[in-house]
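> Here it is, the structure in full.
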Amino acid sequence: MSANDPAGVGPTLASVAAGLAADPVAGMAAATQLTAGLAAAAVQAGARALGWDGEPDPAPPKGDRRFSDPAWERHPWFLWQRQSYLAWADTMKDIARNTGQAEKAEFAVGQLVDALAPTNFLGTNPTALRKAVETNGASVVEGMANLLDDLSENDGRPRQVDVSSFEVGRN
């Protein structure tokens, strides 16, 4: 483990990938599962574009607020993004569960899956895009300023709290 990876996520993910590469049957099963999920995502997005108003399957997990914006359901592009992500996330979690180091692998894969959610990127997040338009881009500029601050002042890690309101030794 390193200072940049205290939980050892990187080596665990490498171990999961190596285990998958060493087991072609498991690799083919994962590829088949992912392909089916991606095809279903495309069909649902296409159907939404043609007026289908059914419930997409799979639905995001209960309590997952990342996909609460109505555009994730109504807009074909965002529906496709969400459903593709959910298919990929389910496949990755199944791969992790089938390793010899299930708990650590599930944690590491969960971190990767959460980090790569479409809600974390401007171009695939309807809420962030809407805010960028409403603020004439000011929200994007503010986000970039926060990123640059994190890179220069916080060793590249995202700041969790506003430290300006705290005084060392006082609060």
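> So, of the residues in the stretch 151-171 that are modelled with pLDDT under 80 and assigned to a helix (DSSP H, G or I), which turns out to be most open to solvent (accessible area, probe 1.4 Å)?
Checked the stretch 151-171; the qualifying residue most open to solvent (accessible area, probe 1.4 Å) is Ser164.
> Tally the residues that are in a helix (DSSP H, G or I), touching a residue at least 24 places away in the same chain (Cβ under 8 Å) and either in contact with a helix residue (DSSP H, G or I) (Cβ under 6 Å, 6 or more places away or on another chain) or more than 16 Å from Thr91 (Cα to Cα) (or both), restricting the search to the stretch 27-67.
14
> So for the stretch 20-37 (the condition being under 17 Å from Leu112 (Cβ atoms), open to solvent by less than 60 Å² (accessible area, probe 1.4 Å) and modelled with pLDDT under 90), does at least one residue qualify?
Among the residues of the stretch 20-37, at least one is under 17 Å from Leu112 (Cβ atoms), open to solvent by less than 60 Å² (accessible area, probe 1.4 Å) and modelled with pLDDT under 90, which makes the answer yes.
> Give just the number: which of (1) open to solvent by 50 Å² or more (accessible area, probe 1.4 Å); (2) out of contact with any Ser or Thr (no Cβ under 9 Å at 6 or more places or on another chain); (3) modelled with pLDDT of 95 or more; (4) not hydrophobic (A, V, I, L, M, F, W, C) does Arg48 not satisfy?
That leaves (1) as the condition not met.
The values are calculated or read from the model by the stated rules, or taken from the named source; none is laboratory data. The shown structure was predicted, so the numbers you read here are calculated from the model rather than taken from an experiment. All Cβ positions, glycine included, derive from the backbone under ideal geometry; neighbour counts span all protein chains shown. Heads up: the accessible areas ignore ligands, DNA and RNA and are worked out on the full protein's heavy atoms, side chains in. Shrake-Rupley method; radii C 1.70, N 1.55, O 1.52, S 1.80 Å.
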